[in-house]
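Before any comments, here is the structure.
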Amino acid sequence: MEAGISTRGRAIVLALVAAVLASSLLLAGAQAAGAASPQLLAPGNGKVLARGSQPVFKARDTDPNSRKYSVYITISRSKKRDKRGDLKRTRVGTFASMDRKGKFGFTYKPEAYTFDTWFMQAPGKYYWQVFHIDCRVKGCHVHSKIRSFTVR
């Protein structure tokens, strides 16, 4: 037998290294999974909203970071996303911080602007998404699903 680690010893070391790597991957996955995604409540997907109205956009977010860093809403004419997964902002649309309502609720009520390029004055299809900040996940943004609505 040569000097050094035996075949059995080498197998044990490799098994330990594999176990450590697997557990660290599981821990990283658990941390990312711990970042709960915001849930969109209203308006419903595909809902038609009256031009000039002030609908209340509602979301629920139970993640502690939503209370720590707030929740943000993006309203866009495009369903395309940027490299972080955020809806790409368009000329007609908006980006805003949502107001906290209760323990897990967040709302946004658009201003009653009357200029033609304000999204609630410009008929068409729009997409909306909310997110909170959490740097345990890649890109630091935890997103909701995307919903659409139409202004008529």
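Structural remarks
- Of the strands (runs of 3 or more DSSP E) lying entirely inside the range 1-91, those containing at least 3 residues that are at pLDDT 95 or above and not aliphatic (A, V, I, L, M) are 57-60, 71-76.
- Taking strands (runs of 3 or more DSSP E) as the structural unit, those lying wholly within the range 99-152 and holding at least 2 residues that are in contact with a Phe, Trp or Tyr (Cβ under 8 Å, 6 or more places away or on another chain), farther than 25 Å from ARG84 by Cβ and of a type outside the set (Phe, Trp, Tyr) correspond to 147-151.
- Of the residues making up the range 123-152, those that are modelled with pLDDT under 95 and farther than 12 Å from PRO38 by Cβ are CYS135, ARG136, VAL137, LYS138, GLY139, CYS140.
- SER70 being within 16 Å of GLY85 (Cβ to Cβ) and of a type outside the set (D, E, K, R): no
- Here SER97 fulfils each of the conditions (1) within 14 Å of the chain's Cα centre (by Cα); (2) surrounded by 14 or more Cβ atoms within 10 Å (Cβ to Cβ); (3) small (Gly, Ala, Ser) apart from (2).
The values are calculated or read from the model by the stated rules, or taken from the named source; none is laboratory data. What you are looking at is a predicted structure, and each value in this text was computed from that prediction instead of being measured. So basically every Cβ, Gly included, is an ideal-geometry build from the backbone, and we count neighbours across all protein chains shown.
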